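What follows is calculated from the coordinates using simple rules that are stated; it is not laboratory data. Fair warning: this is a prediction, and the values are worked out from it, not measured in the lab. Cβ: placed from backbone, ideal geometry, glycine included. Neighbour counts: every protein chain shown.
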Amino acid sequence: MGKGICVAGNMIVDILYSTNGWPEQGKLVHILGDVSRSTGGAVCNTIIDLAKLAPSMPLYAMGRVGADAEGDLILEKLGAHPNIDTSRVLRDGTSAFTLVLNDVLTNERTFFTCLGANGRFCEDDIDWDRLDCGILHIGYILLLSALDQEDAEFGSRMARLLCHAQRRGIKTSIDVVSEASDRFRRLVPPALKYADYCVINEIEAGETVGIPLRDENDRLIVENIPSALRRMKELGVSTWAVIHSPEGGYGMDERGNYVSIDSLRLPDGYIRGSVGAGDAFCAGVLCAAERGESLREAIELGIGSAAASLSEASATDGMRSEAEVRALYAKLR
């Protein structure tokens, strides 16, 4: 067992309301039933998945939550796992949250998000002398306002933070949020220069490197994936560049070897939700990386972890132990 993994960045609470329609501006609709709250974001999803995969692995959460009920909920959920250390989580102001309005008539969801305390998380919040981990995983780029700021020397403040981690002998890992914008080409490449691992989906990868990975019919352009991974490596990823999609997991290791593994054949009716599948895949890859396994083994564990996540509607309820995930992978392969 290595030194463990620190997961830093977004810590969010999703607040779900079901409504009987969507109103015109200035009009009213009724909220149905109880309001539900669940944790989300890169830190909450990934670190809980890691805790379930590897209950004996040291894990450290780092970021900002509010001094409010949502902050209490986040710390309660993380604190339920004995191997998650939350002492590096700072509290002030309002927690990041997303209001999710679910129209039961159309099953369409509308989202209103507030960055809250997450938007202020920055390198000054890190006590480097107390951070003794093997891997620092941080996400999401494009959703951490202070770290998405430009930096004259490093390109972005996220890149500066990652460089300082590497100088301290900590391996770095990044994830990116999917958004409709032109910011990928400006903010992600500076971070890639100081990333040992990059685990992102096909949309994020394509936008970052300028290589299309889906066509106009939404078909995955598998033949373009090696070029996209190679470009990610050229931009600086030192160890593993990894792309995940519903169709499979793909990666390029430190020696330039390409790995391609199809997703599992899931039975009809198996999928109950996909909200946390990408973070679950990432958790599987990071777990294998910290244990010194090969990229192929890491992607297999990532695919199995994503499949486990898909079995439940919430982001982390479907995750299981590593032994159970590997058994699931073998069964559905």
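Can you tell me which of 151, 262, 129 moves the most in a GNM of the chain? Springs connect C-alpha atoms under 10 Å apart.
129
Taking only pairs that are 8 or more places apart or on different chains, how many Lys pairs in the chain have Cα atoms under 13 angstrom apart? All intermediate terms of the calculation are to be shown ahead of the outcome.
On the way: 3/171; 52/77; 171/193; 193/233.
Lysine pair count for the chain: 4.
So which cysteines in the chain don't have a second cysteine's C-beta under 4.7 Å from them?
Cysteines lacking a close Cβ partner in the chain: 44, 114, 122, 163, 198, 282, 287.
Using a simple spin-label model with points 7 Å from Cα along the Cα→Cβ vector, what separation in nm is obtained for residue 168 and residue 255?
For residue 168 paired with residue 255, the spin-label model returns 3.2 nm.
Can you grab the distance from the C-alpha centre of segment 180-221 to the C-alpha centre of segment 31-94, Å, no decimals?
A separation of 27 Å, based on Cα centres.
Pulled fully out, how much extra length does the chain show between residue 123 and residue 270, if you take 0.36 nm times their separation in residues and subtract their Cα-Cα distance? Intermediate values should be presented prior to the final figure.
Details: separation 147, 0.36 × 147 = 52.92 nm, distance 4.14 nm.
This chain segment gains 48.8 nm when fully extended.
Can you compute the radius of gyration and Dmax for segment 99-216, using only the Cα atoms, both in Å?
Calculated on Cα positions, Rg and Dmax stand at 16.3, 54 Å.
Please find the FRET efficiency linking residue 153 to residue 291, where r is the Cβ-Cβ separation and R0 is fixed at 30 Å, and quote it to the nearest 0.05. Mind showing how you got there, number by number?
Details: r = 34 Å, r/R0 = 1.14.
The calculated FRET efficiency here is 0.30.
Which of 118, 107, 257 moves most in a GNM of the chain, Cα contacts under 10 Å?
Among 118, 107, 257, the largest mean-square fluctuation in the Gaussian network model of the chain belongs to 107.
For a paramagnetic label modelled at 7 Å from the Cα of residue 111 toward its Cβ, which residues of segment 128-144 fall within the zone defined by backbone nitrogen distances under 15 Å?
140-144
Using the basic label-point model (7 angstrom from Cα toward the beta carbon), what is the residue 223 to residue 327 distance in nanometres?
That separation, rounded to one decimal, is 4.2 nm.
Roughly how far apart, in whole Å, are the Cα centres of segment 310-333 and segment 136-160?
The two parts, judged by their Cα centres, are 32 Å apart.
Run the helix sum for the chain: -39,500 (n - 2.57) per DSSP H stretch of 4+ residues, divided by residue count, reported at 222 nm to the nearest 500 deg cm²/dmol.
Estimated from H runs of four or more residues: -9500 deg cm²/dmol.
So which residue, out of 20, 217, 102, gets the largest mean-square fluctuation from a GNM of the chain using Cα contacts under 10 Å as springs?
Result for the chain, Cα springs under 10 Å: 217 fluctuates most.
For the chain, what relative contact order do you get, as a whole percent, if you take Cα pairs closer than 8 Å and at least 6 residues apart?
Relative contact order of the chain: 15 percent.
Of 28, 54, 13, which is farthest on the positive side of the dipole of segment 1-61, counting Cα position, with +1 on Lys and Arg Cβ, -1 on Asp and Glu Cβ, and the Cα centre as origin?
It is 54.
Based on other C-beta atoms within 10 Å, arrange 291, 183 from fewest to most.
Exposure proxy ranking, most exposed first: 183, 291.
What order do you get for 244, 30, 137, 164 when you list them from fewest to most C-beta neighbours inside 10 Å? Before the final figure, lay out each step's value.
Working: 244 27, 30 9, 137 30, 164 16.
Neighbour counts put them in this order, fewest first: 30, 164, 244, 137.
Work from the charge dipole of segment 178-333 (Cβ charges, +1 for Lys and Arg, -1 for Asp and Glu, about the Cα centre) and give the residue of 287, 274, 257 farthest towards its positive end.
Working it through, the farthest residue towards the positive pole turns out to be 257.
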